[in-house]
Amino acid sequence: PGSRAVYDASSFGRQRELLLFGDAYFDVKKACTPFNIRCHGATVRVLGTRFDVSSHDADSEFSVALYSGKVKLASQFGSSSDTLTMTPGEIVKIDKHTGALRTIRIAKLDNNLDDRYMYFFEKRIKDIASELERRSGKRIIIRNPDIASRRILAVFTNGESPEQILTTITRDTGIRIE
């Protein structure tokens, strides 16, 4: 929800480039022409692979999760500029304000296109709230900035509602919701 992809249909066959605003899953077939996904502050370049990109303006981090193949990630957030080649099972998170880059390795990382699944790999609570807002259309307010920046590792696989997800997170972290 809330994602957009923009591309020039007349030149896409030659340039294979699009602008992404939000989240998208890609399954790119190998081709001679590289495929580029441009987001605010980052470019993902690929020849053939499966991966997710998350680049919502409201989120504090940009992230790429690589399931198979290889991608080259070039980022320019804050005053930092980095380029790296990712391998399968890696999630790269980049702080949009500082440019700080973190790599998380998940042994059997795979995507699941079913909307019942939600994965939060060391995701900030304020970004989880933004994702739940996009999915539910409900407004979530976090009043304590210390809580907003805390990171959560959680997997939800049963189509839990935003209320159930927040209740689980608060139960396990001692955070109180109203």
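The values are calculated or read from the model by the stated rules, or taken from the named source; none is laboratory data. Keep in mind the model is a prediction, meaning the values are calculated, not measured. Note that each Cβ is placed from the backbone with ideal geometry, even for glycine, and that neighbours are counted across all protein chains shown. Accessible surface areas use protein heavy atoms only, side chains included; no ligands, DNA or RNA. Shrake-Rupley method; radii C 1.70, N 1.55, O 1.52, S 1.80 Å.
Listed here are the residues, each with its yes/no results for (1) outside any strand (DSSP E or B); (2) at pLDDT 90 or above; (3) touching a Ser or Thr at 6+ places or on another chain (Cβ under 9 Å); (4) not aromatic (Phe, Trp, Tyr).
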{"site": "Gly13", "(1), (2), (3), (4)": "yes, no, yes, yes"}
{"site": "Tyr25", "(1), (2), (3), (4)": "no, no, no, no"}
{"site": "Ile37", "(1), (2), (3), (4)": "no, yes, yes, yes"}
{"site": "Thr43", "(1), (2), (3), (4)": "no, yes, yes, yes"}
{"site": "Arg50", "(1), (2), (3), (4)": "no, no, yes, yes"}
{"site": "Ala58", "(1), (2), (3), (4)": "yes, no, yes, yes"}
{"site": "Ser81", "(1), (2), (3), (4)": "no, no, yes, yes"}
{"site": "Ile94", "(1), (2), (3), (4)": "no, yes, yes, yes"}
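Can you tell me which residue in region 41-62 is nearest to Ile94 (Cα to Cα), limited to those that are touching a residue at least 40 places away in the same chain (Cβ under 8 Å) and open to solvent by 20 Å² or more (accessible area, probe 1.4 Å)? By that ranking, first place goes to Gly41.
Residues that are among the charged types (D, E, K, R) and either under 21 Å from Ser81 (Cα atoms) or surrounded by 20 or more Cβ atoms within 10 Å (Cβ to Cβ) (or both) within region 21-40 comprise just one, Arg38.
Take Arg50 and decide whether it is under 20 Å from Phe121 (Cα atoms) and touching a Gly at 6+ places or on another chain (Cβ under 8 Å). The answer is yes for Arg50. A Cβ distance below 9 Å, combined with a sequence gap of six or more or placement on separate chains, defines the contacts here; from region 1-27, residues that are over 24 Å from Tyr67 (Cβ atoms) reach residues that are among the charged types (D, E, K, R) and surrounded by 15 or more Cβ atoms within 10 Å (Cβ to Cβ) in the pairs Asp8/Glu17; Ser11/Glu17. Selection of region 155-173 for residues being assigned to a strand (DSSP E or B) and either in contact (Cβ under 8 Å) with a residue 60 or more places away in the chain or surrounded by 16 or more Cβ atoms within 10 Å (Cβ to Cβ) (or both) yields only Phe156.
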